[in-house]
1. To the nearest 0.05, what FRET efficiency results for residue 193 and residue 33 with a Förster distance of 25 Å applied to their C-beta separation?
2. Mean projection of the alpha-carbon convex hull of region 166-264 over all orientations, in nm²?
3. How big is the antiparallel share of DSSP beta bridges in the chain, given as a percent to the nearest 5?
4. Expressed as a whole number of Å, what is the distance separating the alpha-carbon centroids of region 125-147 and region 180-216?
5. Between residue 62 and residue 296, what is the label-to-label distance in nm when each label sits 7 Å out along the Cα-to-Cβ direction?
6. If you take log10 I(q)/I(0) by the Debye sum over Cα atoms at q = 0.09, 0.12, 0.13 Å⁻¹ from the coordinates, which of [x] -0.43, -0.79, -0.95; [y] -0.60, -0.95, -1.06; [z] -0.52, -0.84, -0.96 do you get?
7. So what are the three principal axis dimensions of region 5-80 from its Cα atoms, in whole Å, longest to shortest?
8. If the viscosity is 0.692 mPa s and the temperature 37 °C, what Stokes-Einstein diffusion coefficient in µm²/s follows for region 155-208 when Rh is the Kirkwood radius over Cα pairs?
Amino acid sequence: MELELRHLRVVCAIADAGSVGRAAAQLGYSQPAVSTQLRRIERHLGEPLFERGPSGVRPTRYGAEVVARARDVLARAAAIGHRPAGARARRPLRVAATNSPMLSGTVSRVRTRLLEPSLSVTSVYASSRIVERLEEGTVDVAIAADYPGMELRHSGAVRHRGIVTEPTFVALPSWHRLRQCAQVQLADLAEDAWFVTPDDGAGWPGVFYEACAAAGFAPVTVHEFLGDQAQLQSMIADGLGVSLVQPTLRPIPQVLVRPLAGSPLWCRYVLAWRPDTVTDEVVDALCQSATAAYRDLVAQAPHLRAWASRIWSVTGA
């Protein structure tokens, strides 16, 4: 891990409060979350920062040095945001994005729509971490994800707008027993091994396990995987498991992408931003660019177009 301002705030809050529990209350987190964060920080630094006792905690000699330096860094960081407006240097628009194939098309389009500002892009897997970075002010705007009934949660310092809500499909090896099915029943995959990405802080993989339970099974084997799509598809092609995927995924020849019958799982991509640093013009440009980028992805995904045409024919849309 790398130390960030939020880690320094945790250390200083514990030192000020003299208690992990009181520090957690002041920070708005749970005590277990702050305790876990402190253990990670201490493990990273290689030494304990606090001595534990019946009445609370106090910094060790090394911890006191760290707290002093942390206070200095936090003070300097706070001072950056209080420079006079005329002295504020121009900087790129800081963009964070979760695992979304629309990112590339969005960035290329928005650059042609807006001459200024330039963009710097950071890949952040967890939508909950994206919200944290927006709240901290270390990014200005982001593409994040949430799920039906589980809207992205954030403070009033952040706003968000939906870009697209899409069904979740499944990727299978081309020789899979269900290869002839136009759509796959989730229950028919009860005995398969699964590749599942880690907790994204917004509801995944809980929504996956809930859908499996509703289909009458619990996955027998789960491989937690967070890597590039090429590696994932290679492992699926080799028969190591199946995986839920975005419906715009371009499969390699040895992999099939199929919709799930009844569409039990959906994901929504949202644009989230800080209104104090991002203008309405930029927000509109980003939303329009993201929507156009998604349309291009749909045009290159015959399995998604086929699913959509079936849905429209059934609903009369």
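1. Working: r = 32 Å, r/R0 = 1.26.
Working from the Cβ atoms, E equals 0.20.
2. Approximately 5.9 nm², given one-decimal rounding.
3. On the way: 27 of 42 bridges.
Antiparallel: roughly 65 percent of the beta bridges in the chain.
4. Measuring centre to centre over Cα atoms gives 25 Å.
5. It is 5.0 nm.
6. [y]
7. Between the extreme Cα coordinates on each principal axis of region 5-80 lie 38, 27, 20 Å.
8. 226
The numbers here are math on the coordinates, done by the rules we state, and not lab data. What you see is a predicted model, and the numbers here were worked out from it, not measured in a lab. Using ideal geometry, Cβ is built from the backbone for each residue, glycine included, and neighbour counts are taken over all protein chains shown.
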